[in-house]
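Trainee: Once you've had a glance at the structure underneath, I'll fire off some questions.
The values are calculated or read from the model by the stated rules, or taken from the named source; none is laboratory data. From a predicted model like this one, the values you see are computed outputs, not experimental measurements. Cβ coordinates were reconstructed from backbone atoms using ideal geometry, including for glycine residues, and neighbour counts include every protein chain displayed. Surface areas here come from the heavy atoms of the whole protein model, side chains and all, with no ligands, DNA or RNA. Shrake-Rupley method; radii C 1.70, N 1.55, O 1.52, S 1.80 Å.
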Amino acid sequence: MNMLNRLLIAVAGAAALAGPALAAEEAHAPEPHTWAFEGPFGQYDKQALQRGFQVYQQVCSVCHALDFMSLRNLGEEGGPFYDPEYPNPNDNPIVRAIAAEYMITDGPDEFGEMFERAGRPADDFPHPYPNERAASAANGGAIPPNLSLIVKARSGGAEYIRSLLLGYGEEVPEDVNVRPGQYYNPYFPGGVLAMPPQLYEGLVEYADGTEATPEQMAHDVTAFLAWASEPHMEARKSMGFMVLIYLFIVCVLVWLAYRQVWSRVQH
Ligand code: HEC
């Protein structure tokens with residue numbers, strides 16, 4: 001048996017093993033969906049990011065944190081409120097207005113007291129709960145995970161998050177036991193989770209007038225979370241593209257030099 005045959009058999013064997021393993025997992029496969037940020041030239045759709053931020057802010061942030069992110073990230077290049085007129089997001093009026101809506105606990109002041117003040121772009125996104133115990137006590141024992149890396153952290157990525165948000169309301173199969181404070185969602189591994197259904201018709205009133213259907217909100221908030229998990233994707237892709245152009249030019253130069261060097265040699 002030659003090497004190639006062995007390799008083919010090994011690949012076929014691996015595929016056969018993977019098949020039943022996937023089938024045994026109960027969760028539904030995420031629904032396929034098209035995103036503006038897919039592919040080597042994909043970019044974030046700024047309007048969707050802005051709407052998605054609105055959904056996060058008005059709905060999800062009640063329970064979910066956005067760790068590792070500060071409000072100024074919203075106005076950075078590639079972010080939802082980036083404005084080339086304000087390369088420093090701390091000066092961006094929209095970001096400043098958004099930040100000012102938050103009350104931040106700061107201190108201690110010169111008397112050793114903590115105090116409240118309006119938010120600034122340099123502040124982190126505020127946490128919904130003071131600590132994990134409070135988070136789990138408020139959610140029937142489950143802790144709402146940090147959402148800033150969730151699109152990267154879950155297999156299925158953006159499609160999984162979108163499917164999960166829209167995946168409530170299906171009939172509960174007989175072999176699934178849904179206890180009080182739990183909800184059935186076939187896209188969640190195991191099928192039962194502590195997050196109640198979130199999205200219903202008209203839940204938010206979009207600033208840009210887009211109709212807030214559950215599908216629209218799921219798309220927008222997932223796009224926003226995809227941006228949060230990779231805010232520098234656009235820069236990375238354009239850098240990759242420049243590198244390819246550079247390598248192409250180098251290839252052509254090397255080839256021309258090769259021809260030049262060997263031009264006087266008889267073959
Ligand atoms: C009332 C509180 C609450 C709100 C509001 C809420 N969630 Fe959750 N969410 C939870 C809890 C609790 C969990 C953990 C569920 C579990 O592990 O059983 C969770 C889990 C999740 C997960 C992780 C699922 C996984 O694979 O582990 C995602 C993603 C998520 N929420 C997204 C959202 C989004 C997006 C919004 C806003 C549209 C939102 N949530 C609003 C409470 C909430």
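Trainee: Scan the stretch 147-164 for residues that are open to solvent by 30 Å² or more (accessible area, probe 1.4 Å) and within 10 Å of the ligand (Cβ to nearest atom) and report the count.
Mentor: Of the residues in the stretch 147-164, the ones open to solvent by 30 Å² or more (accessible area, probe 1.4 Å) are 149, 152-156, 159, 162.
Those left that are additionally within 10 Å of the ligand (Cβ to nearest atom): 153-156, 162.
So the answer is 5.
Trainee: Could you please find all residues in the stretch 52-68 being modelled with pLDDT of 95 or more and either more than 14 Å from the chain's Cα centre (by Cα) or hydrophobic (A, V, I, L, M, F, W, C) (or both)?
Mentor: Within the stretch 52-68, Phe53, Gln54, Val55, Gln57, Gln58, Val59, Cys60, Ser61, Val62, Cys63, Ala65, Leu66 qualify.
Trainee: Within the stretch 81-102, is even one residue more than 23 Å from the chain's Cα centre (by Cα), modelled with pLDDT under 95, open to solvent by less than 80 Å² (accessible area, probe 1.4 Å) and not assigned by TED's automatic domain parsing to the domain that holds Ile161?
Mentor: Checking the stretch 81-102: not a single residue is more than 23 Å from the chain's Cα centre (by Cα), modelled with pLDDT under 95, open to solvent by less than 80 Å² (accessible area, probe 1.4 Å) and not assigned by TED's automatic domain parsing to the domain that holds Ile161.
Trainee: Write out, first by first residue and then by second, each pair whose Cβ atoms fall under 7 Å of each other, whose residues are 6+ apart or on separate chains, and whose first residue, in the stretch 68-84, is on the phi < 0 side of the Ramachandran plot while the second is of a type in the set (Lys, Arg) and surrounded by fewer than 18 Cβ atoms within 10 Å (Cβ to Cβ).
Mentor: Listed pairs, sorted by first residue: Pro80/Lys46.
Trainee: Looking at the stretch 37-78, which of its residues are surrounded by 16 or more Cβ atoms within 10 Å (Cβ to Cβ), of a type in the set (A, V, I, L, M) and within 16 Å of the ligand (Cβ to nearest atom)?
Mentor: Residues satisfying the conditions are Ala48, Leu49, Val55, Val59, Ala65, Leu66, Met69.
Trainee: All but one of (1) of a type in the set (Ser, Thr, Tyr); (2) open to solvent by 90 Å² or more (accessible area, probe 1.4 Å); (3) within 16 Å of the ligand (Cβ to nearest atom) hold for Ser229; which doesn't?
Mentor: Looking at each condition in turn, Ser229 falls short on (2).
Trainee: Looking only at the stretch 187-223, how many residues end up being free of Cβ contacts under 8 Å to residues at least 40 places away in the same chain, more than 7 Å from the ligand (Cβ to nearest atom) and surrounded by 12 or more Cβ atoms within 10 Å (Cβ to Cβ)?
Mentor: Of the residues in the stretch 187-223, 4 are free of Cβ contacts under 8 Å to residues at least 40 places away in the same chain, more than 7 Å from the ligand (Cβ to nearest atom) and surrounded by 12 or more Cβ atoms within 10 Å (Cβ to Cβ).
Trainee: Right, next: Give the residues of the stretch 119-141 that are surrounded by 13 or more Cβ atoms within 10 Å (Cβ to Cβ) and either among the basic types (Lys, Arg) or part of a strand (DSSP E or B) (or both), sorted by residue number.
Mentor: Arg120, Asp124
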